[in-house]
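Enquirer: Before I ask anything, let me first share the structure, which is written out below as structure tokens.
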Amino acid sequence: MQTKKEEIQQAIFKSAENEFLEKGFEKASLRQIVKKAGTSLGNFYNYYENKEALFVSIVEGAYIGMMQLVNNHNQWEGNDVLLDLTDVAVWRRELRRLILPIVPAITTPFVILIEGSQGTQFAHAKEDLLAMMEEHFMEHIEEFNPKYPNPQMAKVMAEQLIFGLVMIVKNHKDDEMRQQLIIEEILFFAIGIMGILKTS
């Protein structure tokens, strides 16, 4: 019986993930979610209080993971080593080691969080993340080149990084390829930013 309940809950979760990804929270239909999960609306309430509680269960882990990533990136073991590296192959290897623990947070729930959270307690998530990323880029500008002439690029870079991650997740379902592209994008931004700051 317990296994059956877990299967039903997982079916609801997966169905909701697809519905929220396609339509966002506000336009998502709870009736469609339970129908595609092969259960009833009445049974749904045995697992979740309401549609928003279901939404929270899907995106909360992604939100926490992304906030931790931005807040703690300077504390990663080996972070200082990256700053001294000039070999791109070594950068790629070290970067992979550093970000692998957070890659699981950059999945479908991350896209839902960024694109489909209007009407929920996470409606501010995209703006929060963009603001934190902009601040992160500004910290690097101030640390490595305070005289950099275009600090406004920090906001542009933050938006482009988040947009790129969303596109990778939406367009690539294979976990290995997705992981590789996420690492490549972060590598692209990291090397590009450091290169610009060191030469400007």
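The values are calculated or read from the model by the stated rules, or taken from the named source; none is laboratory data. Quick caveat, the model's predicted, so the values are computed rather than measured. Positions of Cβ are generated from backbone atoms using ideal geometry, with glycine treated the same way; all protein chains shown enter the neighbour counts.
Enquirer: Hey, among the residues in region 149-165 that are of a type outside the set (G, A, S) and buried (at least 18 other Cβ atoms within 10 Å of the Cβ), which one's farthest from N50 (Cα to Cα)?
Expert: M157
Enquirer: Surrounded by 12 or more Cβ atoms within 10 Å (Cβ to Cβ), of a type in the set (D, E) and part of a helix (DSSP H, G or I): is that true of E135 in this structure?
Expert: Numbers: surrounded by 12 or more Cβ atoms within 10 Å (Cβ to Cβ): yes; of a type in the set (D, E): yes; part of a helix (DSSP H, G or I): yes.
Here the answer is yes, as E135 does meet what is asked.
Enquirer: I've got another one for you. Does Q160 satisfy the criteria of being among the polar types (S, T, N, Q), part of a helix (DSSP H, G or I) and modelled with pLDDT under 90?
Expert: So Q160 fails the test.
Enquirer: Can you tell me how many residues within region 48-59 are surrounded by 14 or more Cβ atoms within 10 Å (Cβ to Cβ) and free of Cβ contacts under 8 Å to residues at least 40 places away in the same chain?
Expert: Going through region 48-59, the residues surrounded by 14 or more Cβ atoms within 10 Å (Cβ to Cβ) turn out to be 48, 51-52, 54-59.
Retained after the next criterion (residues that are free of Cβ contacts under 8 Å to residues at least 40 places away in the same chain): 48, 51.
Qualifying residue count for the region: 2.
Enquirer: Since L100 meets every condition but one in (1) at pLDDT below 90; (2) more than 18 Å from G61 (Cβ to Cβ), which condition does it not meet?
Expert: (2)
Enquirer: Taking the conditions exactly as written (surrounded by 14 or more Cβ atoms within 10 Å (Cβ to Cβ), modelled with pLDDT of 90 or more, more than 18 Å from the chain's Cα centre (by Cα) and among the polar types (S, T, N, Q)), does T107 satisfy them or not?
Expert: no
Enquirer: Take the residues in region 9-47 that are part of a helix (DSSP H, G or I) and polar (S, T, N, Q), then tell me which one is farthest from the chain's Cα centre (by Cα). Don't jump to the end; show me each part of the working.
Expert: Restricting attention to region 9-47, the residues satisfying the condition of being part of a helix (DSSP H, G or I) are 9-27, 30-36, 41-44.
Filter once more, so that each one left must be polar (S, T, N, Q): 9-10, 15, 18, 32, 43.
Values: Q9: 24, Q10: 22, S15: 20, N18: 17, Q32: 26, N43: 31 Å.
If we take residues in region 9-47 being part of a helix (DSSP H, G or I) and polar (S, T, N, Q), then N43 is farthest from the chain's Cα centre (by Cα).
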